[in-house]
Amino acid sequence: MKRFSRRKEDFVCEHCGAEVSGSGYTNHCPKCLYSKHVDVMPGDRAEECHGMMRPIGIEMTRDGYIIEHQCEKCGVVKRNKANENDNFEELLHLARSQVDKLKKC
Ligand SMILES: [Zn+2]
Ligand SMILES: [Zn+2]
């Protein structure tokens, strides 16, 4: 049985196919952390690019993690707050790949 309610902003991740139940402001997949370029201002869904946004970096703040996403279509970089139910392994992976990048510079 499929219990996939469409009341909020549920969506199917176009990167990994996970069914994501939206919390109202969720804008990325908690499994692979991909997002989609749909906002000009956070939450407005006014962007027409609709490219997939790849997680490229992570930042730790007092309020939690901030994920940096880069649009694969137009290249814009946006920062999004990580959610509590985001895949921690992916967050760690992101943090590690970021450290590797820094080392190479
Ligand atoms: Zn996904
Ligand atoms: Zn874009």
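Every number here is computed from the coordinates shown, using simple stated rules; none is lab data. Since the model is a prediction, treat every value here as computed from it, not as a measurement. Heads up, the Cβs are rebuilt from the backbone with ideal geometry, glycines too, and the neighbour counts pull from every protein chain shown.
The table below gives the values:
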read-out	value
Principal semi-axes in Å for the stretch 11-104 [√(5λ), Cα gyration tensor, largest first]	20, 15, 13
Phi to ³J(HN,Hα) by Karplus 6.51 cos²θ - 1.76 cosθ + 1.60 over the stretch 52-59, Hz, x for Gly, Pro	6, 10, 7, x, 10, x, 9, 9
Cα centre as origin, Lys/Arg/Asp/Glu Cβ charges: the chain dipole, Debye	120 debye
The chain, relative contact order [Cα under 8 Å, separation at least 6], %	18 percent
J(HN,Hα) series, the stretch 70-85, from Karplus relation 6.51 cos²θ - 1.76 cosθ + 1.60, nearest Hz, glycine and proline x	10, 6, 6, 9, 10, x, 5, 10, 10, 10, 10, 6, 6, 9, 4, 8
Helix 88-104 vs. the chain, principal-axis angle (Cα, 0 to 90°, nearest 10)	30 degrees
Charge-dipole axis of the chain as Lys and Arg at +1 and Asp and Glu at -1 on Cβ define it, positive-most pick from N85, S21, A46	N85
Restraint check, K36/K103; K36/K78; K31/K103, Cα-Cα greater than 22 Å	K36/K103; K31/K103
